[in-house]
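Before any comments, here is the structure.
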Ligand SMILES: Nc1nc2c(ncn2[C@@H]2O[C@H](COP(=O)(O)OP(=O)(O)OP(=O)(O)O)[C@@H](O)[C@H]2O)c(=O)[nH]1
Ligand SMILES: [Mg+2]
């Protein structure tokens, strides 16, 4: 997480320099635990508020460019007239993604994290207040593109969806195990590109299941629509399933 990589400060010219790993010690670890503990408490509050408003909150996580916004735009179009949707977008800079979502007709709030590399529960509480989603909405949260730090931060979501695209390589689940270990669904996106790549789907799925044996995986293409029905069915199932309120 960020306390370890200190990535909130890496790029700041006037910010504190990143600590070399060998100088981190018990004090750093206590600080990390305090940050995560505070986040978990706020995430529990978010979860209770989502349940009270009948919101299904889904946290989408992936490396940059795997297709999260494309997937969300197509999903919102497919759900139009069936389920209300709303989106919280997380990026370091720009409102490009929120603009893309609004073009579909769904309400969206953009969070810019600046130097930060993940969303946290406090940011979500603030954004939901601005967004004021319709009761019973599916609330999609697109996290900052990053396969590392966002895994450590519970946002109060009902489920985590990790998106991996076939252009990234089939070994990612083992290289970034935390992200896959804490996911409730894996989407393998951009399968339309498989004929042009060396990507072993079976090897990828085997690696994902090594870190998370129960992880379901859907293969789809957000641009051609192949495999999309199973994703919409998964959302519908989550929507109707009783939410246990458990964290990750
Ligand atoms: N061929 C193909 N391209 C796709 C697919 N899904 C997304 N793309 C393309 O991948 C690129 C990145 O897509 P985005 O939706 O912006 O990815 P993202 O995960 O939201 O990116 P960040 O928000 O920057 O992390 C765009 O050029 C999309 O058109 C797909 O299923 N197949
Ligand atoms: Mg995006």
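Could we say that residue 82 is part of a helix (DSSP H, G or I) and under 30 Å from residue 166 (Cβ atoms) here? No: the conditions fail for residue 82. A single member of 65, 90 is within 12 Å of ligand 1 (Cβ to nearest atom), in contact (Cβ under 8 Å) with a residue 12 or more places away in the chain, closer than 26 Å to residue 152 by Cα and part of a strand (DSSP E or B), and it is 90. Of all residues in region 43-62, those being away from ligand 2 (no atom under 16 Å from the Cβ) and part of a loop (DSSP other than H, G, I, E, B) number 3. State whether one or more residues within region 209-226 are under 29 Å from residue 114 (Cα atoms), crowded, with 17+ Cβ neighbours inside 10 Å and out of contact with any strand residue (DSSP E or B) (no Cβ under 6 Å at 6 or more places or on another chain). No, the conditions are met nowhere in region 209-226.
When you look at residue 129, is it without any contact (Cβ under 8 Å) to a residue 12 or more places away in the chain, more than 12 Å from ligand 2 (Cβ to nearest atom) and over 17 Å from the mean Cα position of the chain (by Cα), yes or no? So residue 129 passes the test. Could we say that residue 242 is part of a loop (DSSP other than H, G, I, E, B) and at pLDDT below 95 here? In short, yes. Note on region 93-110: residues that are within 16 Å of residue 222 (Cβ to Cβ) and either in contact (Cβ under 8 Å) with a residue 60 or more places away in the chain or within 17 Å of the chain's Cα centre (by Cα) (or both) amount to 2. Looking only at region 93-112, count how many residues are surrounded by fewer than 18 Cβ atoms within 10 Å (Cβ to Cβ) and either modelled with pLDDT under 95 or in a helix (DSSP H, G or I) (or both). Total meeting the criteria: 5. For region 76-87, a tally of residues being over 25 Å from residue 113 (Cα atoms) and in contact (Cβ under 8 Å) with a residue 40 or more places away in the chain returns 4. Every condition in (1) within 16 Å of ligand 1 (Cβ to nearest atom); (2) surrounded by fewer than 18 Cβ atoms within 10 Å (Cβ to Cβ); (3) closer than 25 Å to residue 137 by Cα is met by residue 163 except one, and the failing one is (2).
The values are calculated or read from the model by the stated rules, or taken from the named source; none is laboratory data. Keep in mind that this is a model prediction, so the values were computed, not measured. Note: ideal-geometry Cβ built from the backbone for every residue, glycine included; neighbour counts use all protein chains shown.
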